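J.: Please read through the structure below; I'll follow up with questions.
The values are calculated or read from the model by the stated rules, or taken from the named source; none is laboratory data. Worth saying up front: this structure is predicted, and the values here are computed from it rather than measured. Counting neighbours? That spans all protein chains shown, and the Cβs are built from the backbone with ideal geometry, glycine included.
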Amino acid sequence: MTHERWERTNAYVNEVYGREDAHLRGLMARAVEAGLPDIAVDAGVGRMLKVLCSMTNGGNGARLALELGTLAGYSGIWIARGLAPGGRLITVEPEASHAAFAQRAFEDAGVGDRVKIAQRFAIDVLPELRDAHGDGAFDFVFVDAIKEEYPDYLVHLRDMVALGGLLVADNALGSGASWWIDDAPGSHPSRNGVDRYNRALAADERFESFCAPIREGVSVALRVR
Ligand SMILES: C[S@@+](CC[C@H](N)C(=O)[O-])C[C@H]1O[C@@H](n2cnc3c(N)ncnc32)[C@H](O)[C@@H]1O
């Protein structure tokens, strides 16, 4: 598979499966215009997040969801649309300009009442959320913050995810031109963090996991015990 062929394959996935409404369409272009980086998931992954979130809690949608790394709110809007009626999404974003942009995007998309942005570092807020909500409280978690820290997030998240809940992580296989999972071990801190996370997740008997080779790779883990 050449790089060009992979790009065309992803474009096909987005064209066929990535239908967006007016709120999502153009959101990242507006974010980039406002100075935010163009590093959100694409529509194909976004729709996957919505479907996965809506499958949790016995197919009723997540009662409580968590996202690490909000950026402009693009993936958060998809996730919020997969929540149960009355469900809530907590999304973690330390960068004030990203959080402010995302807050407006959530309100414009009509999910502002369901989404709370925690303007914090993921590594600091995870133990607090675990204490506040108790183990097994989150039906759906999407990890998309600092790749080197993925293994540290997992230490908390493996207990925070509900039985039958899903732990999903972006960049399971790479990140654009910066690194890819088949690069030499030790070649990039993000590659190493994600590799450690993938291996720890796959070996954890409390989860049944797989990796979807979509875009830059998305790992999906179902909590089974
Ligand atoms: C890849 S982007 C998230 C993209 C978003 N999930 C989407 O697909 O629409 C990563 C985000 O994590 C934020 N971030 C940086 N350091 C962080 C940290 N320590 N904890 C949580 N988020 C962090 C960045 O500011 C950035 O907005």
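J.: Collect the residues in segment 182-197 that are surrounded by fewer than 18 Cβ atoms within 10 Å (Cβ to Cβ) and outside any helix (DSSP H, G or I), keeping them in residue-number order.
T.: Passing the criteria: D182, D183, A184, P185, G186, S187.
J.: Of the conditions (1) part of a loop (DSSP other than H, G, I, E, B); (2) closer than 18 Å to A109 by Cα; (3) more than 11 Å from the chain's Cα centre (by Cα); (4) modelled with pLDDT of 95 or more, V41 clears all except one; give me its number.
T.: Of (1) part of a loop (DSSP other than H, G, I, E, B); (2) closer than 18 Å to A109 by Cα; (3) more than 11 Å from the chain's Cα centre (by Cα); (4) modelled with pLDDT of 95 or more, only one is false for V41: (3).
J.: Hey, among G82, G46, which residue is closer than 18 Å to L167 by Cβ, more than 13 Å from the ligand (Cβ to nearest atom) and of a type outside the set (F, W, Y)? Write out each step before concluding.
T.: Working: G46 fails: more than 13 Å from the ligand (Cβ to nearest atom).
Result of the check over G82, G46: G82.
J.: List every residue pair whose Cβ atoms sit under 6 Å apart, with the two residues 6 or more apart in sequence or on different chains, where the first one lies in segment 30-44 and is closer than 21 Å to P94 by Cβ and the second, anywhere, is away from the ligand (no atom under 11 Å from the Cβ).
T.: D38/V32
J.: Also, quick follow-up: Can you run down the residue pairs with Cβ atoms below 6 Å, 6 or more apart or on separate chains, where the first is in segment 119-145 and among the aromatic types (F, W, Y) and the partner is assigned to a loop (DSSP other than H, G, I, E, B)?
T.: F121/P94
J.: What is the number of the single condition among (1) within 23 Å of H133 (Cα to Cα); (2) within 12 Å of the ligand (Cβ to nearest atom); (3) buried (at least 21 other Cβ atoms within 10 Å of the Cβ) that C53 does not meet?
T.: The one condition C53 does not meet is (2).
J.: Of everything in segment 198-225, what is surrounded by 15 or more Cβ atoms within 10 Å (Cβ to Cβ), aliphatic (A, V, I, L, M) and outside any strand (DSSP E or B)? Give them in sequence order.
T.: A200, L201, I214
J.: Conditions first: (1) among the β-branched types (V, I, T); (2) more than 9 Å from the ligand (Cβ to nearest atom); (3) in contact with a helix residue (DSSP H, G or I) (Cβ under 9 Å, 6 or more places away or on another chain). I77 passes all but one, so which condition is the exception?
T.: (2)
J.: Could you tell me whether any residue of segment 114-128 is within 13 Å of the ligand (Cβ to nearest atom), of a type in the set (F, W, Y), over 15 Å from the mean Cα position of the chain (by Cα) and within 30 Å of V224 (Cα to Cα)?
T.: yes
J.: I would also like to ask the following. When you scan segment 100-107, do you find a residue that is surrounded by 18 or more Cβ atoms within 10 Å (Cβ to Cβ) and away from the ligand (no atom under 14 Å from the Cβ), even just one?
T.: Of all residues in segment 100-107, those surrounded by 18 or more Cβ atoms within 10 Å (Cβ to Cβ) come to 101-103, 105-106.
This time we only want the ones that are away from the ligand (no atom under 14 Å from the Cβ), so: none.
Within segment 100-107, none of the residues are surrounded by 18 or more Cβ atoms within 10 Å (Cβ to Cβ) and away from the ligand (no atom under 14 Å from the Cβ).
J.: Next question. Being more than 16 Å from the ligand (Cβ to nearest atom), closer than 23 Å to G58 by Cβ, of a type in the set (D, E, K, R) and part of a loop (DSSP other than H, G, I, E, B) narrows it down to one of D139, D135, so name that one. Before you say what the answer is, go through the steps one by one.
T.: Working: D139 fails: part of a loop (DSSP other than H, G, I, E, B).
D135 is the lone residue from the list that is more than 16 Å from the ligand (Cβ to nearest atom), closer than 23 Å to G58 by Cβ, of a type in the set (D, E, K, R) and part of a loop (DSSP other than H, G, I, E, B).
J.: Quick one: in segment 146-185, of everything that is touching a Pro at 6+ places or on another chain (Cβ under 9 Å) and within 11 Å of the ligand (Cβ to nearest atom), which residue is nearest to P85 (Cα to Cα)?
T.: Ranking the qualifying residues of segment 146-185, first place goes to K147.
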